[in-house]
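Report on one structure; see the data block that follows.
The values are calculated or read from the model by the stated rules, or taken from the named source; none is laboratory data. Keep in mind it's a predicted model, so treat the numbers as computed, not measured. Backbone-built Cβ (ideal geometry, glycine too); neighbour counts: all protein chains shown. Quick note on the areas: whole protein, heavy atoms, side chains included, nothing else; ligands and nucleic acids left out. Shrake-Rupley method; radii C 1.70, N 1.55, O 1.52, S 1.80 Å.
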Amino acid sequence: MELKVVTINGSETGKTVELPKDIFGVAPNDHAIYLDVKQYLAHQRQGTHKTKDKADVHYSTRKIKRQKGTGGARAGSIKSGVFVGGGRIHGPRPKDYTFKLNKKLKKLARVSALSYKASTNNIIVLDSLTFDKPNTKTFISVLNNLKLNDQRVLFVTPELNKNVYLSGRNLPKAHTMQASEINTYQILKAKTLVLVNDSIEVIKQTLN
């Protein structure tokens with residue numbers, strides 16, 4: 001797939017770049033995408049949720065009423081979950097939600113996501129993206145020049161660019177990421193993928 005290379009002003013450079021077919025032109029595997037996104041979201045969970053059960057609440061442990069003759073069910077402790085103020089019955093406990101996927105499946109998922117973006121013509125290639133200093137207004141002007149100001153965008157840079165990252169950090173619909181760290185979830189979450197030209201080679205090296 002051949003794409004035109006544009007500048008941050010939105011003008012064409014006269015250059016074109018060929019996206020490798022083995023990364024941007026494969027038949028997408030939806031199940032691989034599902035598993036990779038599921039793993040990504042699972043790894044975002046802290047798993048620190050916890051409620052107080054019968055052993056955690058602090059009340060007297062004496063038997064609150066006699067065993068027989070009350071007309072009601074027997075009860076041994078006011079800490080029971082059936083009483084107001086008692087412990088939570090079967091409440092959430094701390095849990096590790098992470099799980100493993102093999103490397104080939106994760107690679108297939110990322111390649112599938114990139115191929116989806118290419119097939120829907122939602123990829124833009126920039127010749128470069130550098131700022132002298134962090135400036136959100138400049139980042140917004142880039143979005144306006146590329147006509148992307150009203151949609152969710154993922155900017156992929158060949159390496160960490162601190163000024164670019166800080167410039168777009170406060171924008172809710174813009175996200176920046178190094179090419180070596182791209183993941184299926186972020187690719188699919190964005191409507192448009194903006195690749196800095198040099199990042200394509202990094203993606204090839206990462207996924208090969």
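Tabulated values for the structure
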| quantity | calculated |
| --- | --- |
| Within segment 150-177, tally of residues that are among the polar types (S, T, N, Q) and closer than 18 Å to Ile123 by Cβ | 3 |
| Pairs, first farther than 22 Å from Arg88 by Cβ in segment 62-77, second charged (D, E, K, R), C-beta under 7 Å, six or more apart | Gln67/Arg74 |
| Single unsatisfied condition, Gly10 versus (1) of a type in the set (Gly, Ala, Ser); (2) part of a loop (DSSP other than H, G, I, E, B); (3) more than 27 Å from Val142 (Cα to Cα) | (3) |
| Options Thr206, Thr138, Thr130, Thr120; residue that is open to solvent by 40 Å² or more (accessible area, probe 1.4 Å), without any contact (Cβ under 8 Å) to a residue 24 or more places away in the chain and among the β-branched types (Val, Ile, Thr) | Thr120 |
| Qualifying positions in segment 8-17 - surrounded by 12 or more Cβ atoms within 10 Å (Cβ to Cβ) and of a type in the set (Val, Ile, Thr) | Ile8, Thr13, Val17 |
| Which numbered condition Leu154 misses (of (1) open to solvent by 50 Å² or more (accessible area, probe 1.4 Å); (2) at pLDDT 95 or above; (3) hydrophobic (A, V, I, L, M, F, W, C)) | (1) |
| Subset tally (residues that are more than 26 Å from Leu207 (Cβ to Cβ), surrounded by 10 or more Cβ atoms within 10 Å (Cβ to Cβ) and of a type in the set (A, V, I, L, M, F, W, C)) for segment 83-104 | 2 |
| Residue in segment 157-171 that is surrounded by the most Cβ atoms within 10 Å (Cβ to Cβ), counting only those that are part of a helix (DSSP H, G or I) and of a type in the set (Ser, Thr, Tyr) | Ser167 |
| Selection status of Ala75, surrounded by 12 or more Cβ atoms within 10 Å (Cβ to Cβ) and assigned to a loop (DSSP other than H, G, I, E, B) | yes |
| Selected residue (criterion: most open to solvent (accessible area, probe 1.4 Å)) from residues of segment 179-198 that are touching a residue at least 24 places away in the same chain (Cβ under 8 Å) and farther than 18 Å from Asn121 by Cα | Asp198 |
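Table: residues versus (1) on the phi < 0 side of the Ramachandran plot; (2) basic (Lys, Arg).
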| position | (1), (2) |
| --- | --- |
| Lys63 | yes, yes |
| Arg66 | yes, yes |
| Gly69 | no, no |
| Ala75 | yes, no |
| Gly91 | yes, no |
| Asp96 | yes, no |
| Lys106 | yes, yes |
| Ala113 | yes, no |
| Thr120 | yes, no |
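Let's see how each residue does on (1) modelled with pLDDT under 95; (2) under 26 Å from Thr16 (Cα atoms); (3) not in a loop (DSSP other than H, G, I, E, B):
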{"position": "Leu105", "(1), (2), (3)": "no, no, yes"}
{"position": "Ala113", "(1), (2), (3)": "no, yes, yes"}
{"position": "Ala118", "(1), (2), (3)": "yes, yes, yes"}
{"position": "Asn121", "(1), (2), (3)": "yes, yes, no"}
{"position": "Phe131", "(1), (2), (3)": "yes, yes, no"}
{"position": "Pro134", "(1), (2), (3)": "yes, no, no"}
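Here is a yes/no grid of residues against (1) in contact with a strand residue (DSSP E or B) (Cβ under 9 Å, 6 or more places away or on another chain); (2) among the aliphatic types (A, V, I, L, M):
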| position | (1), (2) |
| --- | --- |
| Asn9 | no, no |
| Gly14 | yes, no |
| Leu19 | yes, yes |
| Phe24 | yes, no |
| Tyr34 | no, no |
| Arg45 | no, no |
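Let's see how each residue does on (1) of a type in the set (Ser, Thr, Tyr); (2) open to solvent by 90 Å² or more (accessible area, probe 1.4 Å); (3) out of contact with any Gly (no Cβ under 9 Å at 6 or more places or on another chain):
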position: Val6; (1), (2), (3): no, no, yes
position: Leu19; (1), (2), (3): no, no, no
position: Val26; (1), (2), (3): no, no, yes
position: Asp30; (1), (2), (3): no, yes, yes
position: Ile33; (1), (2), (3): no, no, yes
position: Tyr40; (1), (2), (3): yes, no, yes
